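The values are calculated or read from the model by the stated rules, or taken from the named source; none is laboratory data. Please read all numbers here as calculations on a predicted model, not as lab measurements. We place every Cβ from the backbone using ideal geometry, glycine too, and count neighbours over all the protein chains shown.
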Amino acid sequence: MKASDLFVKALEAEGVRCVFGLPGEENLDLLESMRASGLRLVVTRHEQAAGFMAATWGRLTGRAGVCLATLGPGATNLVTAAAYAQLGGMPMVMLTGQKPIRASKQGHFQIVDVVGMMRPLTKSTRTLISADHVSSAVREAFRRAEEERPGATHLELPEDVARETSDAPPLAPYTPRRPVADEASIAQAVETIASARRPLLMIGAGANRKLTSEMLRVFVDRVGMPFFSTQMGKGVVDETHPLWMGTAALSDGDFVHRAIEASDCIVNVGHDVIEKPPFVMRDNRRTVVHLNFSSAEVDPVYFPQVQVTGDIANAVWRIAEGVGGPRAHWDFSSFERARMGLDAQLTRGIDDDRFPIYPARLVAEVRRAMPDDGIVCLDNGMYKLWFARYYRCRRPNTLLLDNALATMGAGLPSAIAARLVYPRRKVVAICGDGGFMMNSQELETAVRLRMDLTVVVVRDDGYGMIRWKQGQMGLPDFGMELGNPDFVRYAEAYGARGHRPTSASEFGTTLARCLESGGVHVIDLPIDYSDNSRALGAGAEEAAR
């Protein structure tokens, strides 16, 4: 069998349904094998966007998304997406072409060391030097990408190897059962939690990757422990739950940090130090219990005293069994005061009529329009902090944001991938004008795929988050302004429909109409960030009073 055909059969054996990417001369054999097999190729307008889509596919399914590029500039365009998947714990396999490795007549034209370039950004990277290696190399790339902690892997398929033949069959995928934590560590965690006076549950991104939501809900209900999440842990447990304490997304002056400071024990499920930490280990006043698939990476801001390593869902269930119900000596009065302050804070501004729109009103209108299983895909910008605080998720992975690499430009591609994974769900991309223009060409991809997708371009005609930071440092405004096209006409040029509401209430009705009418929509929405410092700065708690 031709190696490129074998490669595609190996992808199919892994359950791959589609590949995101761009064709190139060096991967034409692989492209033809894909065409003959019926494997879907989603052609994008930039390799970076293809990588973002593949990473999001992996994030939502737990199975590695696949992206394709040619050699040289095609491969280098995948670099940011590789880091996005690697830091964000999203399983992704990248495929790139290469000139023949045995005899090439083009010298060093377009040649860069792609494997060497990918090495610090991936869990594994290799060049295939024989058709006989295809089956095992593909299986290993998927195994490494999907195993905890998931991330990016890379395979390079040279032209001459793609044309070789091999009798090696594809290898059947096998996912081994994850090991469970030992009894001694479970007993230590139970004793630590039971003997604490103010234990607090913290939910991180690792709990969002696996099916731990139900076990954590049982834990919260049975043990009666208040909980909060990191930005990438939002939605693992329903955030309308009365024990929800908020999201660790803002400054030390926010309410959730008052609860953290009052606690004497943090039960940390699925968090790692790649995501910006909520400073749970500033001093020695509290014990931190680490529950994760692997042991903690020790860092100056994270050095847990108790560790439970193994399958998270199993560990959570066993600890809940051990702790039983709430303990009589637990005192959550300080948490209750913080929660009441948070609840009051989250109602401030949600009906504010100012225009350009107030950020809390933006979040409220999106929440009103989206069903519980609707998916909101955030790009990276100032609005991300407002959504992290104000948007209450009812289900896991319904607010996709990046708090690991925190790259701009991923919002629209992520929304396209989410729509492909869940074609019956409502999907909205929220992008700043800066991030949107980094991959806005993918509007054409969405239109070509005949998607139902709404993109809200939050426009402040500048790099709003960095401008805010610049102001907080007491520096003059410099280097933050940018120009924008007419986003309504821009959308129409791609065959999408553009909208420009002129009031906060009109935005709400426009968004609801877009979600119901089908097709690709772009909403140009100016935003008022003048309240950032008061609402999100060091005095956020005091400002809410």
(message) For region 519-541, give me each residue that is buried (at least 18 other Cβ atoms within 10 Å of the Cβ), modelled with pLDDT of 95 or more and in contact with an Asp or Glu (Cβ under 7 Å, 6 or more places away or on another chain).
(response) I527
(message) Tell me whether region 96-111 contains one or more residues that are among the polar types (S, T, N, Q), more than 23 Å from R17 (Cα to Cα) and either at pLDDT 95 or above or in a strand (DSSP E or B) (or both).
(response) yes
(request) Among the numbered conditions (1) in contact (Cβ under 8 Å) with a residue 24 or more places away in the chain; (2) of a type in the set (D, E, K, R); (3) in the same structural domain as T510 (by TED's automatic domain parsing), tell me where D351 comes up short. (result) (1)
(message) Testing G498 on (1) part of a helix (DSSP H, G or I); (2) of a type in the set (G, A, S); (3) at pLDDT 95 or above, one condition comes back false. Which one is that?
(response) (1)
(request) Kindly list the number of the only condition in (1) under 13 Å from the mean Cα position of the chain (by Cα); (2) crowded, with 24+ Cβ neighbours inside 10 Å that fails for N380. (result) (2)
(message) So in region 391-413, with the set limited to residues that are in contact with a strand residue (DSSP E or B) (Cβ under 9 Å, 6 or more places away or on another chain) and not hydrophobic (A, V, I, L, M, F, W, C), which one is farthest from V237 (Cα to Cα)?
(response) G409
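Is it the case, given these coordinates, that L346 is at pLDDT 95 or above and not aromatic (F, W, Y)? Outline the logic, then answer.
Details: at pLDDT 95 or above: no; not aromatic (F, W, Y): yes.
In short, no.
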(message) Tell me whether region 474-488 contains one or more residues that are surrounded by fewer than 21 Cβ atoms within 10 Å (Cβ to Cβ), in the same structural domain as V427 (by TED's automatic domain parsing) and part of a helix (DSSP H, G or I).
(response) yes
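Might you let me know whether region 503-517 holds any residue that is of a type in the set (V, I, T) and under 19 Å from V363 (Cβ atoms)?
Kept after step one, since they are of a type in the set (V, I, T), are these residues of region 503-517: 509-510.
From what is left, the residues that are under 19 Å from V363 (Cβ atoms) are 509-510.
The answer is yes; a qualifying residue exists.
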(message) Filter region 460-473 down to the residues that are among the small types (G, A, S) and either in a helix (DSSP H, G or I) or loosely packed, with under 13 Cβ neighbours inside 10 Å (or both) and list them by number.
(response) G464, G471
(request) Tell me, yes or no, whether region 14-33 has at least one residue that is under 14 Å from A145 (Cβ atoms), out of contact with any strand residue (DSSP E or B) (no Cβ under 7 Å at 6 or more places or on another chain), in contact (Cβ under 8 Å) with a residue 12 or more places away in the chain and not basic (K, R). (result) yes
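Let's see how each residue does on (1) under 16 Å from R178 (Cβ atoms); (2) small (G, A, S):
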residue: H271; (1), (2): no, no
residue: R286; (1), (2): no, no
residue: N292; (1), (2): yes, no
residue: V308; (1), (2): yes, no
residue: A315; (1), (2): yes, yes
residue: F332; (1), (2): no, no
(request) Kindly indicate which of V306, V288, V316 is touching a Leu at 6+ places or on another chain (Cβ under 8 Å), within 18 Å of L200 (Cα to Cα), assigned by TED's automatic domain parsing to the domain that holds T192 and modelled with pLDDT of 90 or more. (result) V316
(request) Could you check how many residues of region 182-205 are in a loop (DSSP other than H, G, I, E, B) and either in contact with a Ser or Thr (Cβ under 6 Å, 6 or more places away or on another chain) or β-branched (V, I, T) (or both)? (result) 2
(message) Being part of a strand (DSSP E or B) and touching a Pro at 6+ places or on another chain (Cβ under 7 Å) is true for just one of V308, V289. Which residue is that?
(response) V289
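What residue, of P176, P169, is free of Cβ contacts under 8 Å to residues at least 24 places away in the same chain, loosely packed, with under 15 Cβ neighbours inside 10 Å and either of a type outside the set (D, E) or under 29 Å from I375 (Cα atoms) (or both)? Show your work before the answer.
Numbers: P169 fails: free of Cβ contacts under 8 Å to residues at least 24 places away in the same chain.
Answer to the check: P176.
Working carefully through the options R126, R119, find the one that is touching a strand residue (DSSP E or B) at 6+ places or on another chain (Cβ under 8 Å) and either buried (at least 19 other Cβ atoms within 10 Å of the Cβ) or under 30 Å from Q231 (Cα atoms) (or both). Quick ask: steps written out before the conclusion?
Working: R126 fails: either buried (at least 19 other Cβ atoms within 10 Å of the Cβ) or under 30 Å from Q231 (Cα atoms) (or both).
One residue alone meets the criteria, R119.
Right, L211: in the same structural domain as G325 (by TED's automatic domain parsing) and surrounded by fewer than 23 Cβ atoms within 10 Å (Cβ to Cβ) or not? Let's see the steps before the verdict.
Details: in the same structural domain as G325 (by TED's automatic domain parsing): yes; surrounded by fewer than 23 Cβ atoms within 10 Å (Cβ to Cβ): yes.
It is true that L211 is in the same structural domain as G325 (by TED's automatic domain parsing) and surrounded by fewer than 23 Cβ atoms within 10 Å (Cβ to Cβ).
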